[in-house]
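Trainee: Sharing a structure with you now.
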Protein chains: 2
Amino acid sequence: MYEEKFIDKAISLAKKAEKLDEVPVGAVIVKDGKIVSSAYNKREESRDATAHAEILAIKKACKKLNDFRLLGCDIYVSLEPCVMCMGAILNARLENLYFGASITSGSISAKELVELSNLNHKTNVFGGKKEEECSKLVTEYFKQKRKSKS
Amino acid sequence: MYEEKFIDKAISLAKKAEKLDEVPVGAVIVKDGKIVSSAYNKREESRDATAHAEILAIKKACKKLNDFRLLGCDIYVSLEPCVMCMGAILNARLENLYFGASITSGSISAKELVELSNLNHKTNVFGGKKEEECSKLVTEYFKQKRKSKS
């Protein structure tokens with residue numbers, strides 16, 4: 001069941017990433033109304049192409065629950081997951097995905113990936129959570145980046 | 001440029017995984033004709049949904065080269081990458097992907113994912129490398145698994 005406080009937590013993590021000059025994305029994994037793990041994007045800091053918020057949160061949750069299947073867990077993300085992260089969400093058998101801003105790069109959507117990966121497990125995908133706030137975070141970040149480059 | 005010895009190395013890593021009762025998949029990352037990193041699937045051992053051979057090899061290569069962009073690097077995998085791993089290959093900007101056996105689960109193909117992710121970076125995808133040997137590895141593994149369960 002969707003709870004607004006968890007997307008708020010994802011947003012606050014995204015803001016933390018932004019302060020560290022990372023693309024502002026935050027992710028929270030929840031089970032039975034409680035946070036299992038949370039993370040923000042650390043690609044620049046760790047110089048690791050896989051260190052997106054969702055991957056880091058999934059790794060932590062697997063460790064905590066001692067299982068690669070995160071059954072009964074939901075994930076909240078401030079931005080629609082990329083192909084890698086959506087694949088990880090499906091591999092981890094997360095039940096529901098709630099995300100904020102939609103990807104506007106023309107990439108395949110999270111919802112389409114659920115269908116096209118043709119797995120037995122299907123994650124339910126719900127977008128548009130606090131969309132304006134989440135979207136502003138990312139667009140402002142890239143606007144600032146472009147400014148500082150020019 | 002494709003070199004058979006690297007897919008052979010990926011196959012030997014897959015065999016190592018099999019001995020440890022992991023789905024047999026091996027991956028090797030190569031730059032300028034030299035191995036940068038290699039890994040085999042460790043999902044069971046690490047109880048981590050993201051611990052596929054490709055992800056582990058990419059993480060190691062990023063660390064070694066101190067960069068999240070693996071420009072000029074190729075990846076050899078014994079099995080066609082899943083959605084998560086193909087997303088990671090694209091995020092890491094790997095130049096060429098050479099894989100052995102094709103995914104037969106009806107999932108979206110690695111090649112289709114390159115197009116549908118609509119990124120500036122496009123990894124070249126070449127399948128069917130030592131396909132029979134690679135395919136046999138996976139089918140035999142699951143045959144044994146089913147036998148031991150019945």
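Trainee: Any residue at all in region A:7-30 that's under 21 Å from A:Arg93 (Cβ atoms) and assigned to a loop (DSSP other than H, G, I, E, B)?
Mentor: no
Trainee: Please state which one of B:Val114, B:Val77, B:Val138 is in a strand (DSSP E or B) and hydrophobic (A, V, I, L, M, F, W, C).
Mentor: B:Val77
Trainee: All but one of (1) farther than 22 Å from A:Lys111 by Cβ; (2) of a type in the set (Val, Ile, Thr); (3) within 14 Å of another protein chain (Cβ to nearest Cβ) hold for B:Val77; which doesn't?
Mentor: Unmet condition: (3).
Trainee: Would you check if B:Asp67 is more than 10 Å from chain A (Cβ to nearest Cβ) and of a type in the set (Asp, Glu)?
Mentor: On the way: more than 10 Å from chain A (Cβ to nearest Cβ): no; of a type in the set (Asp, Glu): yes.
So B:Asp67 does not fit the description; no.
Trainee: Further question: Please find, within region A:54-63, the residue that is nearest to A:Val77 (Cα to Cα) out of those that are within 8 Å of chain B (Cβ to nearest Cβ) and surrounded by fewer than 24 Cβ atoms within 10 Å (Cβ to Cβ).
Mentor: A:Lys59
Trainee: Is one or more of the residues making up region B:35-53 under 18 Å from B:Ser12 (Cα atoms), among the β-branched types (Val, Ile, Thr) and more than 7 Å from chain A (Cβ to nearest Cβ)?
Mentor: Within region B:35-53, one or more residues are under 18 Å from B:Ser12 (Cα atoms), among the β-branched types (Val, Ile, Thr) and more than 7 Å from chain A (Cβ to nearest Cβ).
Trainee: Let me ask something else about it. Take B:Glu133 and decide whether it is of a type in the set (Asp, Glu), part of a helix (DSSP H, G or I), surrounded by fewer than 24 Cβ atoms within 10 Å (Cβ to Cβ) and in contact (Cβ under 8 Å) with a residue 40 or more places away in the chain. Break it down into steps so the answer makes sense when it comes.
Mentor: Details: of a type in the set (Asp, Glu): yes; part of a helix (DSSP H, G or I): yes; surrounded by fewer than 24 Cβ atoms within 10 Å (Cβ to Cβ): yes; in contact (Cβ under 8 Å) with a residue 40 or more places away in the chain: yes.
So B:Glu133 fits the description; yes.
Trainee: State the number of residues belonging to region B:117-130 that are modelled with pLDDT under 95 and surrounded by 16 or more Cβ atoms within 10 Å (Cβ to Cβ).
Mentor: Qualifying residue count for the region: 2.
Trainee: Specify the residue that is farthest from the other protein chains (Cβ to nearest Cβ); the eligible residues are those in region A:91-132 that are among the hydroxyl-bearing types (Ser, Thr, Tyr) and farther than 24 Å from A:Cys62 by Cα. Can you show your working first?
Mentor: The initial filter retains those residues of region A:91-132 that are among the hydroxyl-bearing types (Ser, Thr, Tyr), namely A:98, A:102, A:104-105, A:107, A:109, A:117, A:123.
If we keep only those that are farther than 24 Å from A:Cys62 by Cα as well, we get A:102, A:104-105, A:107, A:109.
Working: A:Ser102: 14, A:Thr104: 11, A:Ser105: 6, A:Ser107: 5, A:Ser109: 10 Å.
My answer is A:Ser102.
The values are calculated or read from the model by the stated rules, or taken from the named source; none is laboratory data. Quantities reported herein were computed from a predicted structural model and do not represent experimental measurements. Cβ sites come from the backbone with ideal geometry, for glycine too, and all protein chains shown count toward neighbours.
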